[in-house]
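The values are calculated or read from the model by the stated rules, or taken from the named source; none is laboratory data. Since the structure is predicted, the reported quantities are computational estimates derived from the model, not experimental observations. A quick note on method: Cβ atoms are made from the backbone with ideal geometry, for glycine too, and the neighbour counts reach across all protein chains shown. Surface areas here come from the heavy atoms of the whole protein model, side chains and all, with no ligands, DNA or RNA. Shrake-Rupley method; radii C 1.70, N 1.55, O 1.52, S 1.80 Å.
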Amino acid sequence: MPLSYFHLRDTFAKIKIPCRCRCICNSALPPTLVSLHHAPFNQPLSIFYSLLHQFSNTLIHVKSIHAQIIKNWVSTENYLAAKLIRIYSDLGFIFPARKVFDQCSLRGTAVCNAMMAGFLRNQQHMEVPKLFKMMGSVDIEINSYTCMFALKACTSLLDDEIGMEIVMTMFQRGFHFHPFVGSSIVNFFVKCGYFDDARKVFDGMPEKDIVCWNSIIGGYVREGLFKEAIKMFLAMIGGGLRPSAVTMVSLLKACGESGLKKLGTSAHGCVIALGMGNDVCVLTSLVDMYSNLGDTDNAALVFNGMFNRSLISWNAMISGYVQNGLIPESFALFRRLVQSGFGFDSGTLVSLMRGCSQTSDLENGRILHSCIIRKGIESNIVLSTSIVDMYSKCGAIKLATTVFGRMEKRNVITWTAMLVGLSQNGYAEDALKLFCQMQEEKVLANSVTLVSLVHCCAHLGSLKKGRSVHAHLIRHGYAFDAVNMSALLDMYAKCGKIRSAEKLFNKGFHLKDVILCNTMIMGYGMHGLGHYALGVYGRMIEERLKPNQTTFVSLLTACSHSGLVEEGKALFDCIERDHNIKPQDKHYACLVDLLSRAGRLKEADALVKQMPFQPSTDVLEALLSGCRTHKNINMGIQIADRLISLDYLNSGIYVMLSNIYAEARRWESVNYIRGLMRMQGLKKVPGYSLIEVGNRVYTFFARDDSHPRWSDIYQLLENLRLEVEAEGYIPDTSCVLRDVNEPMKVKLLWGHSERLAIAFGLLSTPYGSLIRITKNLRVCVDCHTVTKYISKIVQREIIVRDANRFHHFVNGKCSCNDYW
């Protein structure tokens, strides 16, 4: 009888043959796995299940077992393949897991679900919907777990199209009644912005687990509906469900963001009662909550009491200090962090950069920048944007431009930071050029970008560009909220179109926003329309819109420019009496300016002496300006001495004192003051005038000969000089604050920047069209007189915006009635 296969197999198994596979026998494998290597074929499946369960933590062990599974021809067994996929995925090796899946010829639901779970665990979300579709195409059974895994992937990808198909499948098969499936549907709807649908599913669920409650509470928090989130939390507690750490994190965020300090303190007590006093995430949320509530003492108490801290905890505390203006404390904590050897990340540095921006701390900002370069993380777009913002806020615009230029990647926030930086540092023209570059690079501007551009146009007095930005806002469908409307209103007012500003204000008054009203009041004030400004205040009172400190600053300034002394004094008296607002330094400065402009210098001086606190430089500068206007030299010298002792590096004070001496023809004193300025390294701000012609803004300085048409400009000015003298004009050479002869003084007057800009405007614009000039300093008395004559001779309206207000020159008269 011939020997059977089984008899031969058992016979050979008994023969001891020396092992040649040294890689296995001499390795660090456990004896169990080594014996498996030498075991005969056809081992029962239970052995492989048991071994995979026992040795699932190390890749080499799993691979050894996997090899024996292949050797025993059982690798296609569905549940064993599923187990292998799960183990490889848990270890983070998705490629071997995928190989097991691909080699499995008869794939069932278990294998597909395991592969989906593996993709999710290893952040390969794109593969999950593909696998879900494949299962449907080859008729592999889809169960509730399949749908849940696929929906989780769609939630992470924010793919609402495929996600909706999966949700439909869940409802068709009745899976949505399972609590864990219902939770995944709620989470999907919340994350994709279908909040009403999420709430309907949630309300329709017969059973809700903690995950489901966390999804809906977290969703409300993300939507900014903090009170709704708190209501849902209370409903959950009322249903007898114990909150998890995730629930408490959402609740603490809701308390912090909504400013509910008492509820936040109660939530803190709840954290302790629930035994979460050592949970790092929850304690970090407490730090964040107290910081948002402005209670940095309790935030620090929680932080310092933490046994274990993550880097997120350190960042939350540093950010909390910065958020509450405690910049030195934030840097002290950063030093503690570095000394602890914990390390730091871009989030830490972004917070500290924000602190440097707030305090204009260029020195520490530069140190942080060098730290970023050493750490090699300057390519981080958020961090680079914060550096640009820091340098801009510190006035180091060249450094900001350098950092911006070196950035390989820029987003709309980066462009906006640079635009705002240029605008705030007086480089409005450069900001507009940068916006053109931004458009060329196909970067879509957001509302913040456009609002900053509106401010640039307002600064330049560029009506054409301002209108273009306004049209851009309309075309792109930006909501006209109070911020956008206030910026546009300010732009139209500063470009001389007060009626356009008025129309916009009336259109937006229904918003009942105090900032909008303040902007309109300031606009009227600039144009000398004090009574109109008081009318806006009256409307605010009628509509029960509460004025703030800025409202009264704007009103008092408007009264000052219009000579409404008694009205201004009455307003000042009602600030505290009627509105419970204590007058601040800026209110006193406005009232002193009001009295000084009206020539009531003794009354202004008495007010300064009666102030309940020491007068600031703003108050004294207002009084000094009045002394110069009304030629009270003795009082002016006394005030200037006080000012210099308070702020010896303010060039404006020296210039004003020098001008007072010059008008009194005390040239020795003038030279002494100018010598002091040179010793201090101070320079007078040069006067310049801007005019918009075509699509370009032109800048003129005094005695400027840099323009290509300078000879035409000076020839026209000479012709105009002869015409205005024929009309009766007599030069007021007291405006020339130099010790030179009379003919030279006249020549210097006709070289003033506003006259050059007017002449260029007359040469470059159609006959009869309006000329609009913007000047950075106060227009001199002689230029004011000359412009009145010119407006009559050329029969054109000329609008001049100087440092104080608007002057509308029409047919030889000015809207200010010579009061400015």
Original post:
Hey, what D do you get for the range 283-353 in µm²/s if you plug the Kirkwood alpha-carbon radius into Stokes-Einstein at 20 °C and 1.002 mPa s?
Top reply: 183
Subject >> Relative contact order computed over the range 620-691 (Cα-Cα under 8 Å; 6+ residues apart), in percent >> reply: 27
Original post:
Where in the range 689-787 are there trypsin sites (Lys or Arg not before Pro) that are in a DSSP coil and have at most 12 other Cβ atoms within 10 angstrom of their Cβ?
Top reply: Arg738
**OP:** Could you bin all the Cα-Cα distances of the range 662-816 into 10 Å bins starting at 0 and give me the percent of pairs in each, rounded to whole numbers?
**Re:** 10, 38, 35, 14, 3
Original post:
For the range 644-733, what D do you get in µm² per second when you plug the Kirkwood radius from alpha-carbon pairs into Stokes-Einstein at 10 °C and 1.306 mPa s?
Top reply: 96
Subject >> Glu576, Glu408, ranked by accessible area, largest first (probe 1.4 Å) >> reply: Glu408, Glu576
Subject >> Rg/Rh (Cα only; Kirkwood hydrodynamic radius) as it applies to the chain >> reply: 1.13
Subject >> Accessible area (Å², 1.4 Å probe, nearest 10) - Val514 >> reply: 30
Subject >> Inverse mean reciprocal Cα-Cα distance (Kirkwood Rh) of the range 87-165, Å >> reply: 12.5
**OP:** Please state, rounded to one decimal and in Å, the Kirkwood hydrodynamic radius that the range 533-680 gives when every pair of distinct Cα atoms enters the mean of 1/r.
**Re:** 16.3
Subject >> chymotrypsin sites (Phe, Trp or Tyr not before Pro) lying in DSSP loop within the range 705-779, provided at most 13 other Cβ fall within 10 Å >> reply: Tyr767
Subject >> Convex hull (Cα only) mean projected area of the range 717-790, reported in nm² to one decimal >> reply: 5.2
Original post:
What is the set of long-range amide H partners of Cys816 at a cut-off below 5 Å, with H atoms built 1.01 Å from backbone N?
Top reply: His808
**OP:** With 24 Å as the limit, write out which pairs from Lys507/Lys775; Lys569/Lys775; Lys83/Lys152; Lys393/Lys683; Lys494/Lys747; Lys586/Lys609 have Cα-Cα distances beyond it, or answer none.
**Re:** Lys507/Lys775; Lys569/Lys775; Lys494/Lys747
Subject >> In the range 142-215, the trypsin sites (Lys or Arg not before Pro) that fall in loop regions by DSSP, at most 10 other Cβ within 10 Å >> reply: none
Original post:
What order do you get for 100-107, 459-466 when each peptide is scored by the mean count of other beta carbon atoms within 10 Å, highest first?
Top reply: 459-466, 100-107
**OP:** May I have the extent of the alpha carbons of the range 411-507 along their three principal axes, as whole Å values ordered from largest to smallest?
**Re:** 36, 28, 19
Subject >> Contact order normalised by residue count of the range 167-325, Cα under 8 Å, 6+ apart, percent >> reply: 15
